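Here the structure comes first, spelled out in C-alpha cells, and everything after it is commentary.
Values in this text are rule-based calculations from the coordinates and carry no lab data. This structure is a prediction, so every number in the text was calculated from the model and none was measured. Heads up, the Cβs are rebuilt from the backbone with ideal geometry, glycines too, and the neighbour counts pull from every protein chain shown.
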Amino acid sequence: MPETYKVHCTCAAVELTITGAPIVHAHCHCMDCRELLNLPYCPVAAWSASQVVVSRGAKSLVEYQHPKLGMRRAFCPRCGEVLYNTNAMGWRVVSQLLLAKCNRGVLPAELAPDKHFFYEQRVVDVHDHLPKYLRGSSGPLFEPD
C-alpha cells in the first residue's frame, strides 16, 4: 500500500491528500524556484499532479501563474499559505516545511532531502553531507575546492 500524506494550510480551509512516493525529495537551488518563492533555496518533495489531490477547499484554492516562468503557486486565499507549486514539468512541488508542520513538526524520514539540485545556480553555499548536482537531479556533482 502506498504512503498517503495529508497537508493543510494554516487555517485548515484547504487540504491536500498526497499518495505514493515522490519523484524527488531534495533541496532545489534553481533560479525559477527562488524567483517564484523568494527563498535562497527550497526544501521540497515533488509528485506528479495526479498524486496530489485537493481533498478539501478546492473551490477556494487560488493559483498564481508567474508572468515569465512556466510555474504556478497554489495558495489559500484566507491565510495565504502556499500548498504547492506546479513546476514547468507539471509536477506538484510541496514544501518539506509544510509536510513537517502537518506531521506534528516532524518530516517523514522517507521524504527527507537526499540531494541538492541545480546547485550551480545557488546563492548560498550549504555545508552538509548530501550530494550536490550542478544542473538537475543527476549528472555532474559539485566538487569543492
Query raised in the report: Distance in nm between label sites at MET89 and ALA21, each 7 Å beyond Cα in the beta-carbon direction?
Result: 1.5 nm
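Longest exposed-loop-site-free stretch of the chain, with trypsin sites (Lys or Arg not before Pro), DSSP loop and at most 15 other Cβ within 10 Å?
Working: sites that count: LYS59, LYS68, ARG78, ARG104, ARG135.
Segment 1-58 is the longest.
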Requested in this report: Return the calculated 222 nm mean residue ellipticity for the chain, to the nearest 500 deg cm²/dmol, obtained by summing -39500 (n - 2.57) across DSSP H runs with n ≥ 4 and dividing by the residue count.
Outcome: -2000 deg cm²/dmol
Query raised in the report: In region 103-145, which chymotrypsin sites (Phe, Trp or Tyr not before Pro) are in a loop and have at most 14 other Cβ atoms within 10 Å, using DSSP for the loop call?
Result: PHE142
Requested in this report: Among the lysines, select those whose C-alpha is under 17 Å from the C-alpha of LYS132, and discard any that sit fewer than 8 residues away in the same chain.
Outcome: LYS115
Query raised in the report: Among ALA46, ALA88, ALA74, whose mean-square fluctuation peaks in a Gaussian network model of the chain (Cα, cutoff 10 Å)?
Result: ALA88
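Below 8 Å between Cα atoms, with a sequence gap of 6+, how large is the relative contact order for region 4-121 in percent? Show your work: numbers first, answer last.
On the way: 240 pairs, mean separation 35.7, N = 118.
Reported relative contact order: 30 percent.
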Requested in this report: Under 20 Å Cα to Cα from LYS101, which aspartates and glutamates show up? Leave out anything in the same chain fewer than 8 places away.
Outcome: GLU3, GLU15, GLU81, GLU110, ASP114
Query - Mean projection area, nm², convex hull over Cα of the chain - result: 9.2 nm²
Requested in this report: Apply 1/(1 + (r/R0)^6) to the Cβ-Cβ distance of THR10 and LEU39, taking R0 = 30 Å, and write down the FRET efficiency to the nearest 0.05.
Outcome: 0.95
